[in-house]
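The structure appears below as structure tokens.
The values are calculated or read from the model by the stated rules, or taken from the named source; none is laboratory data. Remember, it's a predicted structure, so these values are computed and weren't measured experimentally. Note that each Cβ is placed from the backbone with ideal geometry, even for glycine, and that neighbours are counted across all protein chains shown. To get the accessible areas, we keep the full protein, side chains included, count just its heavy atoms, and leave off ligands, DNA and RNA. Shrake-Rupley method; radii C 1.70, N 1.55, O 1.52, S 1.80 Å.
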Amino acid sequence: MKKIILGVIAMLVLLSPVAQAQDQYMELLRQDLRTLKTEVVTEGMMMTGEQSDAFWPVYREYQLEIDKIWDARIALIGQYAENFENMDDETADKIMKQAFDLRKKRAKAVEKNYKNMKKAVGAVLAARFAQIDGIIQNLIDLQVSSELPLVMHTAPPATEDH
């Protein structure tokens, strides 16, 4: 379990604002995250060889779906970064609707994956993966959220009452 926690901490370090700000390193960052996540999942799942053979194809299919959602989230974060200092109601509403949509897509992908995992390796291992994946996603979400500045409110200039 200690290795799992250290792996997750390493993933969070890789999500630092410096790494995010440099586009040329984004693909390397993604590869490092995939490798670390795979190590964390491998350590946490504690599978037999037969279970592992059934698990990894389902995992890879799920990860491809999650990667698409993350690509959209990264693009949305870029839109937010371009607009957060001078946010208007229309842009804020559009960004939030897209964020809610991405959350729904991720929840559907997780549920679909659980069903596929359950067929491949049984409910106990599917539940264990859902827990491990949920912990990783929650930690990444926390890190990303803590790095994003709050929307700047552009209040109208104050008027003086005499």
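Data overview
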item: Search result, residues across region 68-105 that are open to solvent by less than 40 Å² (accessible area, probe 1.4 Å) and either touching a strand residue (DSSP E or B) at 6+ places or on another chain (Cβ under 6 Å) or not in a helix (DSSP H, G or I) (or both); result: 87
item: Residue check for residue 84: under 29 Å from residue 151 (Cα atoms) and in contact (Cβ under 8 Å) with a residue 40 or more places away in the chain; result: yes
item: Residue ID - surrounded by the fewest Cβ atoms within 10 Å (Cβ to Cβ), chosen from residues in region 40-54 that are under 18 Å from residue 136 (Cα atoms) and more than 16 Å from the chain's Cα centre (by Cα); result: 46
item: Among residues of region 116-162, those that are more than 15 Å from the chain's Cα centre (by Cα), surrounded by 11 or more Cβ atoms within 10 Å (Cβ to Cβ) and modelled with pLDDT of 85 or more, counted; result: 13
item: Test result for residue 32, exposed (fewer than 15 other Cβ atoms within 10 Å of the Cβ), at pLDDT below 95 and of a type outside the set (Val, Ile, Thr); result: no
